[in-house]
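Structure first, then comments.
The values are calculated or read from the model by the stated rules, or taken from the named source; none is laboratory data. Only a predicted model underlies this, so the values are computations on that prediction, with no experimental measurement involved. Every residue, glycine among them, receives a Cβ derived from its backbone with ideal geometry; neighbour counts consider all protein chains shown. Remember, those area values only see protein heavy atoms, side chains included, never the ligands or the DNA or RNA. Shrake-Rupley method; radii C 1.70, N 1.55, O 1.52, S 1.80 Å.
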Amino acid sequence: MSDIRARLGSAVSAAFEAEGLDPSLGRVSASDRPDLADFQCNGALAAAKAARGNPREIASRLVARLQGLPELEAVESAGPGFVNLKVALGLLSERAAEVAASDLAGASRVAAPRRVLVDYGGPNVAKPMHVGHLRAAIIGESIKRLFRFRGDEVLGDAHFGDWGFQMGLLITAVLDEGLDPARLTLEDLERLYPAAAAQAKADPAFRDRARKATAELQGGRADYRALWSRFVEVSRSALKREFHALGVDFDLWKGESDADPLIPAMVEDLRAKGLLEHDQGAEIVRVAREGDKRELPPLLVVSSEGSAMYGTTDLATIVDRRKSFDPDLILYVVDQRQADHFEQVFRAAALAGYAREGELEHIGFGTMNGADGKPFKTREGGVLKLHDLIAMVTDKARARLREADLGAELSPEAFEATAHKVAVAALKFADLSNFRGTSYVFDLDRFTSFEGKTGPYLLYQTVRVKSLLRKAAEQGAEAGPIAVAEPAERELALRLDAFDVAVCEAYDRRAPHAIAEHAYQLAQAFSRFYAACPILAVDLPGQRASRLALAQAVLKQLELSLHILGLEAPERM
RNA sequence: GCGCCCGUAGCUCAACUGGAUAGAGCAUCCGCCUUCUAAGCGGACGGUUGCAGGUUCGAGCCCUGCCGGGCGCGCCA
């Protein structure tokens, strides 16, 4: 079972071959001119270039060979040498039925499933979750779901930030204040860390004590370890709760500390391989390469204080993952600004033989900005906690629902659950509808609007389909064979067919916005269909059954799309 | 200073990696509810793709140089 594009592609490729041309030129894609065709092939242009021929003439010969195919309603050459294809209604009906019957709503699985580890979220013991963590969580969760959807074996790892200098800072701060470790709260941590970080910048003596504490913690000093596990315990449960509220859940809650026991042996291994070098009191691995445009700094493996740096931990984590899950691919969903760091780690891993080229990939993303175009801050200029952000969006979602008089008949609990779903949808869809690499501007009013390209709109449309199907069930109306006829049905069937392209593009580019775009297009196509084609009110039982089957296929594909994006539609709103 | 990314409609963003007339949403204006959720649908308006060259049948996309913005550049993560 494959999509229409692929089926037409093989027919067109065969025509290329019959003309003595490269069959790979027969690739077919959705038409740029929906007014002229459903699909098009640009291969005649490339063929003409290679063979110094006339593209229009080649296109005409291809068209002659494709004439009369039962899959096609029309085929013609156009423009400088395009082959335009219009699909027969029979094929559209057949394909829509496939989508309706398919567990994946017409999407395909990968040919060879891989073990993939997605490293995302990156919550930190010392710091509260703030808006900076939002994108990693949203994008990473979606990529995890996307890869799993296509059949890979996937694990999501929170890769908890529970090691390194920040821990030394906290230990030093707690001891200086003489706090009782047993009574430490999340609020203490959230207060102590920023203060300690600031003090370390201003006061070199304090900084040195914190660095020493870091090294001693990593060296296994018992009282520091005890204090440290208290930090981890306090913040992990809070972080789990925060993430879960966002619909973000991890398979692994590994931390940087889990890689720590592997570090001594790894350092020895690097030394034995001749990769380690003494430099300015530290030990480094040089990763610069011939022909680099810029000078990539070496990876710092052991600091002059004797402690592990974040590159060390990242490298050891690769070793750890190699031993446990042995992934074919590790995706690091981390801020784009850390690109150089990952390049350093990846190169060091390749040099040491911990991972091959291409097995490690940094999935960078831009920042979420405020109206001023700078990374999002509170009105007072501080960092906005994720918890407060979600509360803010949920408040707005509640207000929007009331404003529109939606959900009035729901119980208070159901209303609250709906408001939360709307809020999460608003936040996540706004993020995922942009390409991850670009930064975007946070705009509460726009994100929570039910109009336009928003999460709430998608939820609303999904709920409309559910409502329709519920009503059909009450009336005893059943779905039946699909017979695409009306223009709106035709458009809808084409859109259902396009799901696989969107899924594959999102997968290949690690770019969930392709799914977001598709979901929006599908919702719109359904809405046009819904407006143009009465479903329950038609007289012909066959037509009603066909349209119900289309609606069911839409609902399935919409819900799968939402699921990949990490959203969930309520039953009613 | 070196390097990376970005600059597309008034605003927020796309553009299947070189193809036809650069698309959506918001905003503005005009239509459509006795009919399955109108928070919907249809239509109109809106562009020298930052600027200047180059490569070719063809450039928002590739190359060069400017202008403007963001970010990174060894002991934080």
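Of the helices (runs of 4 or more DSSP H) lying entirely inside segment A:1-68, those containing at least 2 residues that are more than 13 Å from RNA strand B (Cβ to nearest atom) and touching a helix residue (DSSP H, G or I) at 6+ places or on another chain (Cβ under 9 Å) are A:4-18, A:55-66. Among the residues examined, A:Val75 does not qualify as in a helix (DSSP H, G or I) and either modelled with pLDDT of 95 or more or open to solvent by 10 Å² or more (accessible area, probe 1.4 Å) (or both). Candidates A:Ala74, A:Ala64: the one that is among the small types (Gly, Ala, Ser) and touching a strand residue (DSSP E or B) at 6+ places or on another chain (Cβ under 6 Å) is A:Ala74.
Would you be able to say whether some residue in segment A:426-444 is over 30 Å from A:Gly364 (Cα atoms), in contact (Cβ under 8 Å) with a residue 24 or more places away in the chain and either loosely packed, with under 14 Cβ neighbours inside 10 Å or assigned by TED's automatic domain parsing to the domain that holds A:Ser546 (or both)?
Going through segment A:426-444, the residues over 30 Å from A:Gly364 (Cα atoms) turn out to be none.
For segment A:426-444, residues over 30 Å from A:Gly364 (Cα atoms), in contact (Cβ under 8 Å) with a residue 24 or more places away in the chain and either loosely packed, with under 14 Cβ neighbours inside 10 Å or assigned by TED's automatic domain parsing to the domain that holds A:Ser546 (or both): absent.
For (1) assigned to a helix (DSSP H, G or I); (2) free of Cβ contacts under 8 Å to residues at least 60 places away in the same chain; (3) over 16 Å from A:Ile138 (Cβ atoms); (4) over 24 Å from the mean Cα position of the chain (by Cα), each residue gets a yes or a no:
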position: A:His387; (1), (2), (3), (4): yes, no, no, no
position: A:Ile390; (1), (2), (3), (4): yes, no, no, no
position: A:Ala399; (1), (2), (3), (4): yes, yes, yes, yes
position: A:Asp405; (1), (2), (3), (4): no, yes, yes, yes
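If you scan segment A:52-65, which residues turn out to be hydrophobic (A, V, I, L, M, F, W, C) and either within 9 Å of A:Gly81 (Cα to Cα) or under 42 Å from the mean Cα position of the chain (by Cα) (or both)?
Residues of segment A:52-65 hydrophobic (A, V, I, L, M, F, W, C): A:58-59, A:62-64.
If the condition is that a residue be hydrophobic (A, V, I, L, M, F, W, C) and either within 9 Å of A:Gly81 (Cα to Cα) or under 42 Å from the mean Cα position of the chain (by Cα) (or both), then A:Ile58, A:Ala59, A:Leu62, A:Val63 are the ones that fit.
Taking the stated definitions as given, is A:Ala100 away from RNA strand B (no atom under 16 Å from the Cβ), over 23 Å from A:Asp326 (Cα atoms) and surrounded by fewer than 24 Cβ atoms within 10 Å (Cβ to Cβ)? Break it down into steps so the answer makes sense when it comes.
Values: away from RNA strand B (no atom under 16 Å from the Cβ): yes; over 23 Å from A:Asp326 (Cα atoms): yes; surrounded by fewer than 24 Cβ atoms within 10 Å (Cβ to Cβ): yes.
In short, yes.
Does segment A:321-339 include one or more residues that are of a type in the set (Asp, Glu) and either part of a helix (DSSP H, G or I) or without any contact (Cβ under 8 Å) to a residue 40 or more places away in the chain (or both)? First the steps, then the outcome.
As a first pass, look at segment A:321-339 and keep what is of a type in the set (Asp, Glu): A:326, A:328, A:335.
Then keep just the ones that are either part of a helix (DSSP H, G or I) or without any contact (Cβ under 8 Å) to a residue 40 or more places away in the chain (or both); that gives none.
Scanning segment A:321-339, I find no residue that is of a type in the set (Asp, Glu) and either part of a helix (DSSP H, G or I) or without any contact (Cβ under 8 Å) to a residue 40 or more places away in the chain (or both), so the answer is no.
For (1) at negative phi; (2) surrounded by 16 or more Cβ atoms within 10 Å (Cβ to Cβ); (3) part of a helix (DSSP H, G or I), each residue gets a yes or a no:
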{"position": "A:Leu469", "(1), (2), (3)": "yes, yes, yes"}
{"position": "A:Glu474", "(1), (2), (3)": "yes, no, yes"}
{"position": "A:Ala483", "(1), (2), (3)": "yes, yes, no"}
{"position": "A:Ala514", "(1), (2), (3)": "yes, yes, yes"}
{"position": "A:Tyr520", "(1), (2), (3)": "yes, yes, yes"}
{"position": "A:Tyr530", "(1), (2), (3)": "yes, yes, yes"}
{"position": "A:Asp539", "(1), (2), (3)": "yes, no, no"}
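May I ask you to verify whether A:Thr185 is hydroxyl-bearing (Ser, Thr, Tyr) and open to solvent by 40 Å² or more (accessible area, probe 1.4 Å)?
Yes; evaluated as a whole, the condition is true for this residue.
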